[in-house]
Amino acid sequence: MLLPLFSSRVSAGFPSPADDYLEGDLDLNEYLIRTPPATFLVRVSGNSMIGKGIYDGDLLVVDRSLEPLDRDVVVAVVEGELTVKQLRFQDKEVWLMPANRRYKPLCVTGMDLQIWGVVSSSIHHFRKRVE
Amino acid sequence: MNLEERFNFRVSPSDGWYALVDCNNFYCSCERVYNPSLKERPIVVLSNNDGCIIARSNEAKLLGIGMGEPYFKMKSILQKHKITAFSSNYELYGDLSHRVMETLRTITPYVEVYSVDEAFTFWPHRLKPTLDALRQFRERVIRWTGVPVSIGLAPTKTLAKVAAKVAKKRADGCYILEEPDEYLLQQVEVEDIWGVGRRYARKLRKIGVHDAAAFAKLPDDDWIRSQFTVVGLRTVYELRGISCLGLEMLEPERKGICHSRAFSQPITNYKEMREAFFTYLTRASTKLRSRGLYARAMQIWLQTNRFAEEPYYSNAAVVQFPVASQDFFEMSQYLEPMLQSIYTDGYRYKKIGILFLDLCNETGIQPDLFDNIPRTRNAALLNVMDRLNSRYGKLTVHAASCGKERPWEMRREKLSPVAPNWRQLAVVKAK
C-alpha cells in the first residue's frame, strides 16, 4: 500500500507551492524489508515473548540475510518446530530466552542449534481486524 | 565458413563462463523450508490431483521410490517406510523459486531463469568466479531462501549442465569444469546431454555414439549439421568448450494467458461442465486483471481422456471480442453459446481450458462506437470481487454460474498449510 507523504488539494488557479516539496510515496515495504528475497513474514502463536512486545497473532518480519547476534530476537528450530526466542551468548553458553516469566529459558550450548532467521520487526494491530 | 556464418548469429557476446544454479529436489526442499521436522526425512511430492510422484527427497530415492510412480500404487510402500507425501503446493514453490532467482540477482545481473528450479548465470573471463566464490554464492542462496542448490561452472551452458550434475554429488555442492574433460564426458549418456532430444539420442545410438565425449569427437561439421541441424552442431561445439548459446535474459513477451487443468473426476453432464467453465473463466479473467491485461480473443476447449479405453472427443471454439476486454461479465455472455457449440453428450470429459489471445494493456484498447457494455460499472464490481478474493481466499465471492459443490475440482488432499497469502502464513511458536 502506498501513502502519499503529504499532498495539497488540487484547485483551479495557482498550484500549491508545497507541491514542490512532495517527496513521493511512503512505502511500508521499503521501510520494513531490507532484503526482499531473504525476508519472510510469519505469524506468532503463543505468549512467551510478550516482554519484547510480541503478542499472539502478531506478524513477524524475519530477515534471513542477517547474522544472528547476541540479544537478537530470532526464529530458531526447537524440536523440529519454528520457535521465536531471544538469542543470548553468555559466558560461553548459548541461550534461547523467552520474554515471559511463565516460560523457561533453554540452554542450547553444544547442541546443533539452527537459527531459521533474525526477526527484524514485528507488526501488531491495536484494533481487532477481521482477517 | 567461419563460426559466425556457420551458426548465423554472433558468437562473441557469449564468450566467458556459465554457472548453472540448480535447486536440489526443488519441490521437496520447498516443503522443508517452513517445516524443519522434515529435515533428513523421506518425502515425496505428488502431481495434480495427487496422481503421480513427481519429486523425491534423497532419502526417498534411497528407499527405491521411483519417479512418476502412481500414488495409489505406492501408498502402502510409502506408509511402510514412513514417507510423507505432499500435494503440489505451486503457490509455495513459485514464491521460493522467485526468491532463489532474486538472490542470484544480488550477485550478478546476468541471470537467465531457465526453469522453476534452474538458472544460468554468466561471468566474463576477467570475473570468472573461483571455487571459493561459488561456495559463497551457494551459501547465500541456502542461507537466504532455505533452498539447497548445486552450482556447476564451465565455459559453455551445455558443459555447465554437466558440471552441475557433478556438483550435486560433491559435499560442497560446487564444481568447476575448466575444459571439456574426456573422462567426465564419457560418463554422460547421450540422452542426458542438454539440448539432445529423444529422437536425436536414438539416432546417435544407432551410429554408435553413446556418450557426450563421442558426440563431441564426431569429425565432420557439415555432416553433423546435415544429420542433426544447426541445433546439433551447436551442442557439439558447446561440448568442445566453444560457447554458442548466450544468456537469454529477456522474458518472452506474454502471448496468451491460459487456465487449463484436469478434473479430479470426469464430467459427464452439461450442468457441471457449464459450472466448470464459468469457474475456469473466473480464474483466467482474474489472472488477466491482476496483470493489467486485456484480451481481444478467447479460446475454450474440452477433451476426454486420451489414454483411457473409451471414446475420445475434443473440440474448441474461439471468439473475438469487439473491444479488448478483461470483463468477466461480458465474457460470460460469449461463453455459454461457445460451450453449447462444442459440448456433446455421452462422453466423459477429463480436461478443459480457457486461453486469452492477442493481449494488450489499457493503452492498446480501441474503443467501439456502438459499445453498450457497462464497462466502468463492471470494472468497479470486479475490482471489489478481486479484492475480497485475494483477502479471504479464491472464489469467496463468485458468479452463481460457477456452482456450489464443484466435485470435479482438482484434488490436493495432502497440501501443506503454508502459502504466500495472508491467511496461510507460516506460524512460529512463542511457547
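Brief remarks on what is shown
- Averaging the sequence gap over all C-alpha pairs within less than 8 Å and six or more residues apart, then dividing by the number of residues, gives region B:127-221 a relative contact order of 20 percent.
- Centre separation in Å (Cα based) which lies between region B:291-324 and region B:72-118: 29
- Value of Rg/Rh across region A:22-123 [Cα atoms, Kirkwood radius]: 1.02
- Global geometry of region B:26-92, whether rounded, prolate or oblate, following the gyration tensor of its Cα atoms and the 1.5 cut on a/c: oblate
- Members of region B:118-145 that become less accessible by 50 Å² or more once partner protein chains are added (1.4 angstrom probe, chain alone as reference): B:Arg143, B:Trp144
- Centre separation in Å (Cα based) which lies between region A:72-86 and region B:19-70: 25
- Model label sites at B:Leu381 and A:Ile123, defined 7 Å from Cα along the beta-carbon direction, differ in position by 3.2 nm.
- Between the helical axis of B:375-392 and the longest alpha-carbon principal axis of chain B there is an angle of about 60 degrees.
- Folded to 0 to 90 degrees: helix B:90-105 orientation relative to chain B principal axis, Cα: 40
- Loop-located chymotrypsin sites (Phe, Trp or Tyr not before Pro) in region A:19-123 (DSSP state other than H, G, I, E, B) with a sparse environment of at most 16 neighbouring Cβ atoms within 10 Å: A:Tyr55.
- Placing +1 on each Lys and Arg Cβ and -1 on each Asp and Glu Cβ, with no other charges, gives region A:22-123 a dipole about its Cα centre of roughly 540 debye.
- Cβ-based charge dipole, the protein assembly as shown, positive-most Cα from B:Gln366, B:Ser290, B:Leu38: B:Leu38
- Compactness index (Cα Rg / 2.2 N^0.38 Å), region B:178-307: 1.65
- If both residues of a DSSP beta bridge must be in region B:26-92, then about 50% of such bridges are antiparallel.
- Whole-number percent relative contact order across region B:69-197, with pairs defined as alpha carbons under 8 Å at least 6 apart: 15
- Per-residue ellipticity at 222 nm computed for chain B from its helices equals -12000 deg cm²/dmol, with DSSP H segments shorter than 4 residues left out and the rest contributing -39,500 (n - 2.57).
- Choice from B:Lys157, B:Lys404, B:Lys350 showing the highest fluctuation, given a GNM over chain B with Cα pairs closer than 10 Å: B:Lys404
- Bins of 20 Å, starting at 0 and running to the largest distance - Cα pair percent for the protein assembly as shown: 16, 42, 36, 6, 0
- Rounded, prolate or oblate (a/c below 1.5 giving rounded, otherwise prolate when a/b exceeds b/c) for region B:169-229 by Cα gyration tensor: prolate
- Positive-end ranking of B:Ile142, A:His124, B:Ala212 along the dipole of the protein assembly as shown, with charges on Cβ about the Cα centre, is headed by A:His124.
- Here the simple spin-label model places points 7 Å from the Cα toward Cβ, and for B:Lys414 and B:Ser341 these points are separated by 4.3 nm.
- Dividing the mean sequence gap of close Cα pairs (under 8 Å, 6+ apart) by how many residues region B:26-92 holds gives a relative contact order of 35 percent.
- In region B:96-115, comparing the full protein assembly with the chain on its own, the residues that lose 30 Å² or more of accessible surface at a 1.4 Å probe are B:Arg99.
- Residues whose placed amide H lies under 5 Å from that of A:Ala99, excluding near-sequence neighbours: A:Met49, A:Ile50, A:Gly51
- Among the listed pairs B:Lys350/B:Lys404; B:Lys61/B:Lys203; B:Lys61/B:Lys350; B:Lys73/B:Lys169; B:Lys82/B:Lys168; A:Lys52/A:Lys128, those beyond 23 Å (Cα-Cα): B:Lys61/B:Lys203; B:Lys61/B:Lys350; B:Lys73/B:Lys169; B:Lys82/B:Lys168
- From phi via Karplus (6.51, -1.76, 1.60), per-residue ³J(HN,Hα) for region B:152-165 in Hz, x at Gly/Pro: x, 10, 7, x, 9, 4, 4, 6, 4, 4, 4, 4, 5, 5
- In whole percents, the pair-distance distribution calculated for chain B from its alpha-carbon pairs, binned every 10 Å from zero, is 4, 17, 22, 25, 21, 10, 1, 0.
- With loop membership from DSSP and a limit of 13 other Cβ atoms within 10 Å, the longest segment of chain B without GluC sites (Glu not before Pro) is B:41-177.
- A simple charge model with +1 on the Cβ of Lys and Arg, -1 on the Cβ of Asp and Glu and nothing else charged puts the dipole of region B:124-190 at about 380 debye relative to its Cα centre.
- Couplings 3J(HN,Hα) of region B:216-222, computed from phi: 5, 8, 3, x, 9, 4, 5 Hz, in residue order, whole Hz [Karplus 6.51 cos²θ - 1.76 cosθ + 1.60, θ = phi - 60°; x for Gly and Pro].
- For the protein assembly as shown, a simple Cβ point-charge model (Lys and Arg +1, Asp and Glu -1, everything else neutral) yields a dipole of about 1820 debye relative to the Cα centre.
- Distant-in-sequence amide H partners of B:Ala85 (H built 1.01 Å from N, under 5 Å): B:Val44
- The residues packed around A:Glu81, meaning those with a beta-carbon under 11 Å from its beta-carbon, carry a net charge of +1 if Lys and Arg are +1 and Asp and Glu are -1.
- Solvent-accessible area lost on pairing B with A (1.4 Å probe, both sides summed) amounts to about 2600 Å².
- For the protein assembly as shown, carbon and sulfur atoms together expose 52% of the accessible surface, with a 1.4 angstrom probe and every protein chain in place.
- DSSP bridge orientation in the protein assembly as shown - percent antiparallel, rounded to nearest 5: 85
- Shape category assigned to region B:234-359 from the gyration tensor of Cα positions, a/c cut at 1.5: oblate
- Region B:248-325: trypsin sites (Lys or Arg not before Pro) in DSSP coil with no more than 13 other Cβ atoms inside 10 Å: B:Arg254, B:Lys255, B:Arg291, B:Arg306
- Take each residue in A:34-45, count the other chain C-beta atoms within 10 Å of its C-beta, and the mean is 6.
- What the protein assembly as shown shows is 55 Å² of accessible area per residue, with the surface traced by a 1.4 Å probe over protein heavy atoms.
The values are calculated or read from the model by the stated rules, or taken from the named source; none is laboratory data. Since this is a predicted model, take the numbers as computed values, not measurements. A quick note on method: Cβ atoms are made from the backbone with ideal geometry, for glycine too, and the neighbour counts reach across all protein chains shown. These area figures cover heavy atoms from the full protein model, side chains too; ligands, DNA and RNA do not enter into them. Shrake-Rupley method; radii C 1.70, N 1.55, O 1.52, S 1.80 Å.
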